[in-house]
Amino acid sequence: MTVLGAVLAGGASSRMGRDKAAVVVGGRTMLDRVGDALAEVCDRVVVLGPEREGVETWPDRDPGSGPLAGLANALERADTDHVLLVAVDNAFVRVETLRGLVSLAGEMPVIPVDRDGVRQVTCALYPTSLAGIAREELEAGGSLQSLVDRVAFRPVTPDEWAAWGEDGRSWDSIDDEPSLRAAEATYHDDVPGEACGVFAAYSTTQRVSHLIYFGLFALQHRGQESAGIATSNGETVTVYKDLGLVAQVFDESSLAGLDGHLGIGHTRYSTTGSNTWANSQPTHRQAGITSIALGHNGNLTNTAELATRLGVTEATTDSDLMTEDLARAIDDDRSDGRGLERALMQVAPGWKGAFSLVIMDQGRIVGLRDPNGFRPLCLGSLPDGGWVLSSETAALDLVGARFVREIGAGEMVVIDATGVRSYHPFAEVKPGLCLFEFVYFARPDSQMYGRNIHAARTEMGRRLAGEHPVDADVVVPVPESGIPAAQGFAAASGIPYHDGLVKNRYVGRTFIEPTQMLRDRGIRLKLNPLTDSLTGKRVVLVDDSIVRGSTTRKLVEMVLEAGATEVHLRVSSPPYRWPCFYGMDTADRSTLIAASMEVEEIRESLGCDTLGYLSLDGLLEATGVADAGFCTACLSGDYPTEIPLNTDKFQLERS
């Protein structure tokens, strides 16, 4: 069975006064959102409506005749068995809902029906055999609803779509500005996100804006939504930030305006708040004569409580709240100029959750980790006597700094003209660095807990081979994060290692089809198989993790289509069963494939011959520092702190 995904995007909306497809909601256009969701389920995705640059568009053959014209066009032109039609204003449609509709495919349309009998005809599955009837109804002046009146259809009941985890988002059409704001405040992406990156520098002989730029460049993998730098010349703090990658945000002219001998920088992936300029970092406040800026990696778990305590209604991120809290506590009358660090000592114990921070005022930079040490932070020294702070050691190498040590869990370091001072403002608890730093987040050339990340990932592969041996001809990694584990698996098993998938590093949206002749799944725009390495082979496919499973399912299909006789999937981490509240954007448990399935059920869903996950004990041992202290909440359900019962990344914007 084959399915064409069709985004119904008719053009300018009279109610919104603009093209809905281009409307940004939650940091992405409606067209991007619906197209990406369809790409997870369908063999091909097209856009129905006016010509649009950069996407495969099927223009209306009957302009102005409404959604039925778009469906009739798709049914007539499709070379698939079915058309999965989704209107562009269903911007938060769930992949699980679309997959559920496809699972019911047959000779009749599959139409969701709510408890009041209302049919959701613009988020439904239609067999292409319906093309003739659709054309007749269109020529008779009918509509999608009247078409459905003419044919028998398979209704999807509220109980059925609730079993898919549907929570109403597929029914929330965005028709005007109020519905846009309401939808954005209610729902967020299901795609797991990475942690942010922070960097700070203090040097009296080098241009710190350049040091920070290159430091952020080395940390780009930790966040790609926005980038920002704040610097101080001793009197004024200057902040420059924008949406985009580091190299897109900064150039020589923008860096030239960031003068001074100290500063901080940030690359963002949003875990609280939308991807907007206002939410990019560093955040900034003026507290009397003291000017402060803050960059945050992590996620607070008491955000709503903090907003209530401060009486703040306009903040949209936990980082903004922390900056406000800090600014209110600064005492400008201190004669020693240490108002910032004293204020931090006062307010930081009231922040709960994960935070590795770089903070500055006109005369100093500060590094601070939460008492659990969920997110990393390290200290480096420059040859000229200056200092840097960084999320990872790899960034130290790029700016010519020497690694000195990791900032301890619950430690605060202050760097100014007198050198480095250390404080401990929190009660001591057991440290718990996020274990996924070793699995996925950190660069392979970084070190954490004194252990090289690449070496640890290679050892994960070795242990995986011991726990889940298999008879096969070749070991193939899912690039790039699966490469070290695949190398370790091959070395331990004696099965030859081959690169069987090529990654295109310059792809954005997966649903864009460059020509109408391309029929491959959207995943091929990111990864393409090397058939010589796969044809006729029993393949061990190695990846670092499976979160939702949709991409993995397509990878398995791709490898089989490339000629592999068997696919044995091996994962160098345990099943990801529990949501993260400490800086990974996976707070919705219903989106996690392992939350509702056992391993054999996951294997059947993914379509592989065998499936093996590395055990939690094996993963911890592979780090080489199992006793150092890790957070394993997403794998074990054992949360080291109290977590909120209800939370989402837009909770401040909603309030």
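Just so you know, all these numbers are worked out from the coordinates, no wet-lab data involved. Computed from a prediction, not measured in an experiment: that's the story for all the values here. Reconstructed Cβ throughout: ideal geometry from the backbone, glycine too, with neighbour counts over all protein chains shown.
Values as computed for the structure displayed
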quantity: Dipole in debye (nearest 20) - the stretch 450-636, about Cα centre, beta carbon charges: Lys, Arg +1; Asp, Glu -1; calculated: 560 debye
quantity: Those lysines that a straight Cα-Cα span of less than 30 Å connects to LYS554, excepting residues fewer than 8 apart in one chain; calculated: LYS20, LYS503, LYS526, LYS537, LYS649
quantity: Tilt relative to the chain, helix 453-467 - C-alpha long axis, 0 to 90 degrees, to 10; calculated: 50 degrees
quantity: Under 16 Å from LYS430, Cα to Cα: lysines that are on another chain or at least 8 residues apart; calculated: LYS352
quantity: Burial order of peptide ranges 592-604, 253-265 (average beta-carbon count within 10 Å, highest first); calculated: 253-265, 592-604
quantity: Mean Cβ neighbour count within 10 Å, used as a protection proxy, ranking 351-358, 617-624, 41-48, 139-146 highest first; calculated: 351-358, 41-48, 617-624, 139-146
quantity: Residue order, fewest to most surrounding Cβ atoms within 10 angstrom, among CYS634, CYS196; calculated: CYS196, CYS634
quantity: Mean projection area, nm², convex hull over Cα of the stretch 315-452; calculated: 9.2 nm²
quantity: Dipole magnitude of the chain, debye to nearest 20 (Cβ charges: Lys/Arg +1, Asp/Glu -1, about Cα centre); calculated: 880 debye
quantity: Extreme residue, positive dipole direction of the chain, given options ALA105, GLY607, GLY500 (C-beta unit charges); calculated: GLY500
quantity: Nearest-ten-degree value, helix 30-39 long axis tilted from longest Cα axis of the chain; calculated: 70 degrees
quantity: Relative contact order for the chain, counting Cα pairs under 8 Å that sit 6 or more residues apart, in percent; calculated: 12 percent
quantity: The chain: angle of helix 318-329 to the longest principal axis, Cα-based, in degrees nearest 10; calculated: 30 degrees
quantity: Whole-Å semi-axes of the ellipsoid equivalent to the chain (Cα gyration tensor, √5λ, descending); calculated: 45, 31, 22
quantity: Ranked by how many other beta carbons lie within 10 Å on average, peptides 407-420, 434-447 from highest; calculated: 434-447, 407-420
quantity: Lys/Arg +1, Asp/Glu -1 at C-beta; the chain dipole; positive extreme among GLN120, TYR423, VAL47; calculated: TYR423
quantity: For the stretch 549-625, alpha-carbon Rg relative to the globular expectation (2.2 N^0.38 Å, N residues); calculated: 1.23
quantity: Charged-residue dipole, Cβ positions (Lys, Arg, Asp, Glu), the stretch 197-431 about Cα centre, Debye nearest 20; calculated: 460 debye
quantity: Binned Cα-Cα distances of the stretch 38-142, short to long, each 5 Å bin given as a whole percent; calculated: 2, 12, 21, 27, 21, 12, 4, 0
quantity: Descending principal axes extents, the stretch 371-486, alpha-carbon based, whole Å; calculated: 62, 35, 17
quantity: Cα gyration tensor, the stretch 197-431 - rounded (a/c under 1.5), prolate or oblate; calculated: rounded
quantity: Principal axis box of the stretch 450-636, alpha-carbon based, largest edge first, Å; calculated: 54, 39, 32
